[in-house]
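Here the structure comes first, spelled out in structure tokens, and everything after it is commentary.
The values are calculated or read from the model by the stated rules, or taken from the named source; none is laboratory data. This structure is a prediction, so every number in the text was calculated from the model and none was measured. In this analysis, Cβ positions are derived from the backbone assuming ideal geometry, glycine residues included, and neighbour counts consider all displayed protein chains. Surface accessibility is based on the protein's heavy atoms, side chains included, excluding ligands, DNA and RNA. Shrake-Rupley method; radii C 1.70, N 1.55, O 1.52, S 1.80 Å.
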Amino acid sequence: MNIIILGPQGSGKGTQAKYLSEELNLPRLSLGQLYREQIKKSTDLGKKAEEYVLKGELVPLKITKDLLINELNNAKYKKGLILDGFPRNMEQYKLLKKIMTVDYVILIEIPKQETIKRLSGRRICSVCGENYNVHFDNIKDMKCKCGGKLIRRKDDYPKAIKERLQTYKEETLPIVDEFTKSGKLIKINGKAPIKKVNNRILTELQKRGIN
Ligand code: AMP
């Protein structure tokens with residue numbers, strides 16, 4: 001079963017994808033995470049993608065397609081996946097239709113002000129990648145529970161946040177319309193604590209016989 005999670009940056013889609021991956025026993029594939037790994041390892045692909053990721057812009061399709069198709073060859077995705085961060089525009093949507101069937105699309109919605117608050121407060125562990133938020137979590141000495149230093153993603157500064165939200169509005173929202181027409185879209189109100197949002201998603205999936 002293939003499930004896509006969509007939503008503006010900071011909607012909590014990454015966190016919810018992680019929960020769902022454990023609950024449904026399906027691997028999570030996060031394009032943003034894959035890009036950050038490639039950049040950290042300084043691979044050829046990472047070098048090509050870096051300027052876009054740092055600015056909060058979508059990486060061009062050619063590069064994204066190579067990364068995605070290469071990753072999907074991994075046997076762990078055979079029985080399905082939770083796809084987080086793809087598709088984000090019409091050309092990616094067209095590619096998706098060619099390479100994968102989609103069972104459900106979960107759209108996590110939150111108001112713009114909440115997005116900005118969440119993103120500007122987000123910190124990630126430089127060692128294990130765990131997410132924290134200075135507004136909601138009790139963080140000690142800016143350290144992760146693994147001991148790693150917490151850092152701010154370069155694309156979580158105001159200019160890049162604005163850029164990413166504009167990109168979402170212009171490029172991602174039109175594909176939401178396509179998924180709505182296909183009857184696969186499940187809208188979730190994301191302005192609630194993590195566990196509550198997770199319960200809302202599970203309830204909607206259970207209504208459709210998935211648990
Ligand atoms: P995220 O962690 O989902 O916020 O993604 C971080 C960054 O990775 C984005 O701002 C883009 O630069 C890049 N990225 C993630 N998903 C995609 C995608 N589907 N297409 C192109 N670039 C992407």
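Given the DSSP H assignment, sum -39500 (n - 2.57) over each helix run of at least 4 residues in the chain and divide by its residue total; what's the result at 222 nm in deg cm²/dmol, nearest 500? Walk me through the intermediate numbers first.
Values: 9 runs with 99 residues, N = 211.
Helices in the chain give a 222 nm mean residue ellipticity of -14000 deg cm²/dmol.
Which distance in Å, rounded to a whole number, links the C-alpha centroids of the range 9-40 and the range 132-192? Here the two parts' Cα centres lie 11 Å apart. Cross-link reach is defined here as a Cα-Cα straight distance under 20 Å, omitting same-chain residues fewer than 8 places apart; for residue 191 the lysines meeting it are 13, 18, 112, 117, 162, 169. Kirkwood radius, the range 123-211, all distinct C-alpha pairs, inverse of mean reciprocal distance: 16.2 Å. Charge tally for residue 62 (other residues, Cβ to Cβ under 11 Å; Lys, Arg +1; Asp, Glu -1): 0. Within the accessible area of the chain, the carbon and sulfur atoms contribute 50%, probe 1.4 Å, all protein chains present.
With +1 assigned to the C-beta of every Lys and Arg and -1 to the C-beta of every Asp and Glu, and no other charges, what is the dipole magnitude of the range 15-168 about the Cα centre in debye, to the nearest 20?
Using only the charged Cβ atoms, the result is roughly 300 debye.
Its Kirkwood hydrodynamic radius, worked out from the mean inverse distance over all distinct Cα pairs, puts the chain at 17.7 Å.
I want to verify the translational diffusion coefficient of the range 4-76 in µm²/s; compute it with Stokes-Einstein, Rh as the Kirkwood radius over Cα pairs, at 4 °C and 1.567 mPa s. Write out the running numbers ahead of the final one.
On the way: Rh = 13.3 Å.
Once the numbers are plugged in, D ends up at 97 µm²/s.
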